[in-house]
1. For region 112-139: of the residues being in contact with a Lys or Arg (Cβ under 8 Å, 6 or more places away or on another chain) and open to solvent by 20 Å² or more (accessible area, probe 1.4 Å), which is nearest to LYS16 (Cα to Cα)?
2. Test VAL80 against the criterion of being among the β-branched types (Val, Ile, Thr), assigned to a helix (DSSP H, G or I), at pLDDT 90 or above and surrounded by 14 or more Cβ atoms within 10 Å (Cβ to Cβ), and give yes or no.
3. Considering only residues of region 109-141 that are part of a loop (DSSP other than H, G, I, E, B) and either out of contact with any helix residue (DSSP H, G or I) (no Cβ under 9 Å at 6 or more places or on another chain) or of a type outside the set (Lys, Arg) (or both), which is nearest to LYS13 (Cα to Cα)?
4. Name the single residue that is modelled with the highest pLDDT among those in region 4-56 being of a type in the set (Asp, Glu) and open to solvent by 60 Å² or more (accessible area, probe 1.4 Å).
Amino acid sequence: MCDKRVSARMKGKVYKTVVRPAMLYGLETVALRKRQEAELEVAETKMLRFSLNEYIRGTAHVRCFGDKVREARLRWFGHVQRRDSEHIGRRMLRLELPGRRPRGRPKRRFMDVVKEDMKLVGVREEEAEDRVRWRQMIHCGDP
């Protein structure tokens, strides 16, 4: 990855097919805090800087890591929304536990994060039923 003879575009392709999927694995179901997302962003930048040692995002044609996490989260949410209403995954998204929540600042729940993401992208829950259109709307492809 740090060989000067390999082009920046090729290093970007290797990064997108090997490194990024390893970092994204399992994050579509996690409600990341802002700090955790920033730490992942820093780790990604360090890896890109190590391999490229120049202007990072433009030469490797790599998108921001937070955008890709948001896309994966919304893609998984759309998949669950298209299941039948009795499916366990769909019921768990709407589950409200009995009793009161503990004192203090509430923890970020998955649905809270998904709603923030949908508001940021500009989509609604009802639009998840059309898979092709949903994928087009949430897609934030690499340049």
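The values are calculated or read from the model by the stated rules, or taken from the named source; none is laboratory data. Every value quoted in this text rests on a predicted model; they were computed, and no experiment measured them. We place every Cβ from the backbone using ideal geometry, glycine too, and count neighbours over all the protein chains shown. Accessible surface areas use protein heavy atoms only, side chains included; no ligands, DNA or RNA. Shrake-Rupley method; radii C 1.70, N 1.55, O 1.52, S 1.80 Å.
1. Result: ARG135.
2. yes
3. GLY141
4. GLU39
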